[in-house]
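S.K.: Shown below is the structure under consideration.
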Amino acid sequence: MTGEQPCRVSLSDADGRLLALIRQDFPEVPAWYGKRTGTWWAMVPIGPRWRLVEAVDLAELRGAILNPAGWPWPRNWVALP
């Protein structure tokens, strides 16, 4: 063993790149990581209104952005007519 560390991308670097891709693909959607909740958040437009969505990772956040009306998180959200 030579003492060299394997060349890996840290999770924070990977998350930063994925978040940059989400922001590039959806520039109108503010997205961020909640340090207190430990989850990812975004404000997503649904017609003339906005919806706050929550996801455990960036792949889920992408799904929430693509389908905000059907997204179950936060769990206490109720769709208004």
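Read-outs throughout are calculated quantities, based only on the coordinates presented, and are distinct from any laboratory measurement. These numbers were taken from a predicted model, which means no experiment stands behind them. Cβ placement follows ideal geometry from the backbone for every residue including glycine, while neighbour counts extend to all protein chains displayed.
S.K.: Size of the range 28-68 along its principal axes in angstrom, Cα-based, largest extent first?
M.R.: Here the spans come out as 29, 17, 13 Å, largest first.
S.K.: Can you pull out the GluC sites (Glu not before Pro) in the range 27-62 that DSSP calls coil and that have at most 13 other Cβ atoms within 10 Å?
M.R.: Working: sites: Glu28, Glu54, Glu60; in loops: Glu28.
Counting only loop positions with at most 13 other Cβ atoms within 10 Å, the GluC sites (Glu not before Pro) in the range 27-62 are Glu28.
S.K.: Work out the FRET efficiency for Leu18 and Arg49 from their Cβ-Cβ distance, taking R0 = 22 Å, and round it to the nearest 0.05. The partial results should precede the final answer.
M.R.: Numbers: r = 26 Å, r/R0 = 1.20.
Calculated transfer efficiency: 0.25.
S.K.: Let me know the charge dipole size of the range 28-68 about its Cα centre in debye, to the nearest 20, where only the beta-carbon of Lys, Arg (+1) and Asp, Glu (-1) is charged. Could you put the intermediate results ahead of the total?
M.R.: Numbers: 5 positive and 4 negative charges, 29 e Å.
Its charge dipole is roughly 140 debye.
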